[in-house]
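Input: a single structure, listed below in structure tokens.
The values are calculated or read from the model by the stated rules, or taken from the named source; none is laboratory data. A quick note: this is a predicted structure, and the numbers were derived from the prediction, not measured. All Cβ positions, even for glycine, are placed from backbone atoms using ideal geometry, and neighbour counts span all protein chains on display. In case anyone asks, the SASA skips ligands and DNA or RNA and just uses the protein heavy atoms, side chains included. Shrake-Rupley method; radii C 1.70, N 1.55, O 1.52, S 1.80 Å.
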Amino acid sequence: MNAGALDRSKVYLLRLYDGNVDDIAARIDVLLDRSGLGSIASRGETVAVKMHFGESKETGHVKARFVRRIISWLQHEGMRPFLTDTNTLYKGTRGDSVAHLRAAAEHGFTFAAVGAPIIIADGLRGTSEYRVRIGRKHVDEAWLGIELVKADSILSLAHFKGHELSGFGGAIKNLGMGGASRKGKLEQHSTTGPYVRATCIACGTCASWCPADAIAVGERAVIDEEKCIGCAECVVVCPEHAMSIRWDESTDIFQMKMVEYLSAFAALKRGRIGYINFITDVHPLCDCYGSRKVPITPDIGVVASLDPVAIDQASYDLVNEAPVPRDAGLSESYRQGSDKFRDLHPDVDPAIQLRYAEELGLGTRDYQLIEIAESARSSAG
């Protein structure tokens, strides 16, 4: 980082002390005060807190007790927050709003628990959308969850983790992919394509997860390429690792489309989007899979910024600089300070989303990390 401090975007870090995750909740008000997130909305205005409520049996999502503190802070500032997400492409527990709200409640996201209502941003079946022309390289028209667009401001509340198609998922993915309607998600996934290896045992797991009903199972699984939307759910759920992506430029384009969708939100909400990343339970894969995974790093803390590129770059660097727990799923050749996400997903370059977002003017990778001092914990309400 060669530029002076004035040219850098500020990223504020609330570091975890003594491995006590609950310590975050006690001090998060200080992080929010210092980060400038109060500037995204005025008193009386609505704030869409965009997050992931977690799949059944999944543990990596941001926990309700932390969300409650964030909601309370927003309300104290006079804002009117609501929690939101969009429905999924895949056949998990969040495919429509009825199932989605049930899944959220099972993880503690109720009005009584967090103090705010939940409004699914793309409606009952993922078709309540807002079309905006952006004229980008890969996306001409973006399809966004309409309630995110109608809100006065947006606060991205992301769980930072690995991802099988983008290398990692943070602020950029939480809003760029997670804020798209079903049609928008389909457009972003459309360039990836899996194939079946000879090790397939025809168990049918892939077919049961496929959102497009593109897989038939006989002596082995067969993918209908005309129906396949390239979401790669089959790759992750296959118990025999018999599904694989045809790695070419498709994952690069996937990341670029994701960034272009974020640019649609940025154009509509100039100066009205804030970002928080929880760097805890950093799992190797997306939170969309309903199972507990071994974290690839000890819990680090929470970061906040008004810059989506800076906050993801800082999160990326903090994870790579952290030590490696045992049984983290990394190769024996891995060393602290190397790229954990490239080690886990060697055919994906996660920096593409960062470089492209910077190229489109969404933020800068050149950041100033400002750590909230331990002495500040006594200041939290």
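Calculated [222 nm] ellipticity per residue, helices only, for the chain: -8500 deg cm²/dmol; basis is -39500 (n - 2.57) per DSSP H run with n ≥ 4, divided by all residues, nearest 500.
For the residue pairs LYS185/LYS293; LYS173/LYS227; LYS63/LYS293, the alpha carbons lie more than 23 Å apart in LYS185/LYS293; LYS173/LYS227. In the chain, taking the dipole from charged Cβ atoms about the Cα centre, the farthest positive-side position among GLN75, TYR316, PRO295 is held by GLN75. Please give the net charge around SER42, taking every other residue with its beta carbon less than 12 angstrom from that of SER42, where Lys and Arg add +1 and Asp and Glu add -1. Net local charge, SER42 excluded: 0.
Candidates LEU285, ALA41, ALA242 compared by Cα position along the dipole of the chain: farthest toward the positive end lies ALA41, with charges placed on Cβ. Under a model in which nothing but the beta-carbon of Lys, Arg (+1) and Asp, Glu (-1) is charged, segment 197-257 shows a dipole of about 140 debye around its Cα centre. Protection proxy ranking, highest mean first, for peptides 26-33, 298-305, 48-55: 48-55, 298-305, 26-33, where packing is the per-residue count of other beta-carbon atoms within 10 Å, averaged. Seen from TYR130, the other residues with C-beta closer than 10 Å to its C-beta sum to a net charge of -1, counting Lys and Arg as +1 and Asp and Glu as -1.
Calculated from the alpha-carbon coordinates, the chain shows an Rg and a Dmax of 19.8, 64 Å respectively.
Using the Karplus relation 6.51 cos²θ - 1.76 cosθ + 1.60 with θ = phi - 60°, the per-residue 3J(HN,Hα) values for segment 120-132 come to 6, 6, 10, x, 4, 10, x, 10, 7, 9, 10, 9, 9 Hz, with x marking Gly and Pro.
Applied to segment 201-207, the Karplus parametrisation 6.51 cos²θ - 1.76 cosθ + 1.60 on θ = phi - 60° returns per-residue 3J(HN,Hα) values of 10, 6, 6, x, 4, 4, 5 Hz, with x for Gly and Pro. For ILE134 and ASP347, the difference between the fully extended length at 0.36 nm per residue and the C-alpha to C-alpha distance is 73.8 nm. The share of Cα pairs per 10 Å bin across segment 118-247, counted from zero up to the longest distance, runs 12, 35, 33, 17, 3, 0 percent. In this structure, the amide hydrogen of THR46, modeled 1.01 Å from its nitrogen in the peptide plane, lies closer than 5 angstrom to those of ARG80, ASP152, SER153, counting only residues at least 5 positions away or on a different chain. Sparse packing (at most 15 other Cβ atoms within 10 Å of the Cβ) combined with a DSSP loop state is found for the following trypsin sites (Lys or Arg not before Pro) in segment 175-275: ARG197, ARG220, LYS227, ARG246, ARG270.
Between beta-carbons, use under 9 Å as the cut-off and find the net charge around ILE215, counting Lys and Arg +1, Asp and Glu -1. After counting each charged neighbour, the total is -1. About the centre of its Cα atoms, the chain shows a dipole size close to 900 debye [charges on the beta carbon of Lys, Arg (+1) and Asp, Glu (-1) only; nearest 20 debye].
Shown in residue order for segment 66-72 are the 3J(HN,Hα) couplings computed by the Karplus curve 6.51 cos²θ - 1.76 cosθ + 1.60 at θ = phi - 60°: 6, 4, 4, 5, 5, 4, 4 Hz (x for Gly and Pro).
Farthest towards the positive end of the charge dipole of the chain, among the residues ALA113, ALA212, SER9, is the Cα of ALA113, using unit charges on the Cβ of Lys, Arg, Asp and Glu.
Above 22 angstrom, tally the Cα pairs of segment 33-142 and express them as a % of all pairs, no decimals. Across segment 33-142, Cα pairs with separations above 22 Å total 42 percent. For PHE168, nonlocal amide neighbours, meaning residues 5 or more places apart or on other chains whose placed amide H falls under 5 Å from its own, are HIS163.
The peptide list 315-325, 352-362, put in order of mean Cβ contacts within 10 Å with the highest first, becomes 352-362, 315-325. Spatially, segment 214-240 and segment 122-143 are offset by 26 Å when compared through their Cα centroids.
Residues whose amide H comes within less than 5 Å of that of ILE370, counting only those at least five positions distant or on another chain, are VAL11, TYR12, LEU13 (H built at 1.01 Å from N in the peptide plane). For the chain, the longest principal axis of the C-alpha atoms and the axis of helix 308-321 are separated by about 80°. Tell me, what is the Rg over Rh of segment 148-211, with Rh the Kirkwood radius over Cα pairs? Checking Rg against Rh, the ratio lands at 1.08. The long axis of helix 97-106 is offset from the longest Cα principal axis of the chain by roughly 60 degrees. Solvent-accessible area per residue in the chain equals 40 Å², computed with a 1.4 angstrom probe and all protein chains kept. Remark on segment 179-279: Rg and Dmax equal 16.5, 55 Å (Cα only).
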